[in-house]
Amino acid sequence: MSDIPRPAEPQGELVIRTIAMPADTNANGDIFGGWLMSQMDLGAAIVAKNLSRSRVTTVAVDGMVFLNPVYVGDIVNCHAKLLKIGRTSMKIDVEAWVQRGKDGTLLRVTEGVFTYVAIDDSGRPHPVHRS
């Protein structure tokens, strides 16, 4: 773990909000990390697709850190922000936070950086449209 201080509130645009359900649990009864990672991937893909105005594909996930468990009933919020645009690629930072309990306490649970490549209809990389 890094000694870099983490923000006390979510950074970036809210891109996904869902509720953790019993079907999403692992053998210990906690939410499966792969399910949470897929929610983050979907959220980052929304940012990449809107930016590139084309199909996109995930090519890398870096620095994935699971900080706290997610429980059934937690409201999961994925926040994303663009870090970098390359010629055909986009790097997007994603944070997953949960709202937990009756008071809706916010807790950061996971973070990672997702890299996408804009692709054409044949699946070949093509330049990202820039506004």
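None of the figures in this text is laboratory data; all of them are computed from the coordinates on show. Everything numeric here is computed off the predicted structure, so don't read it as measured data. Neighbour counts run over all protein chains shown; Cβ positions are idealised from the backbone, glycine included.
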Next item on the list: Starting from the eigenvalues of the Cα gyration tensor, five times each then square-rooted, give me the equivalent ellipsoid semi-axes of the chain, largest first, whole Å.
Entry: 28, 16, 13
Next item on the list: Give the long-range amide H neighbours of Asp74: residues separated by 5 or more places, or on another chain, with amide H under 5 Å away, using H modelled in the peptide plane at 1.01 Å from N.
Entry: Ala20
Notebook entry, point to check: Where Lys and Arg each count +1 and Asp and Glu each count -1, what net charge lies around Val70 among other residues with Cβ under 14 Å from its Cβ?
Noted result: -2
Notebook entry, point to check: In the neighborhood of Trp35, defined by Cβ-to-Cβ distances under 14 Å, what is the net charge if each Lys or Arg adds +1 and each Asp or Glu adds -1?
Noted result: -4
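Treating only the Cβ atoms of Lys and Arg (+1) and Asp and Glu (-1) as charged, compute the dipole magnitude of the chain about its Cα centre; round to the nearest 20 debye.
Computed about the Cα centre, the dipole is about 520 debye.
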Checklist line | Overall dimensions of region 55-130 by Cα: Rg and Dmax, Å | finding: 15.7, 49
Item checked: Cβ-derived FRET efficiency at R0 35 Å, Asn26 paired with Val59, nearest 0.05 -> 0.85
Note to self: To test your reading of the geometry: what angle, between 0 and 90 degrees and rounded to tens, separates the Cα axis of helix 33-52 from the longest principal axis of the chain?
What the structure shows: 30 degrees
Note to self: What does the extension gain come out to for Gln99 and Leu82, with contour length at 0.36 nm per residue minus their alpha carbon separation?
What the structure shows: 3.8 nm
Item checked: For Thr88, residues with placed amide H under 5 Å, excluding near neighbours -> Val128
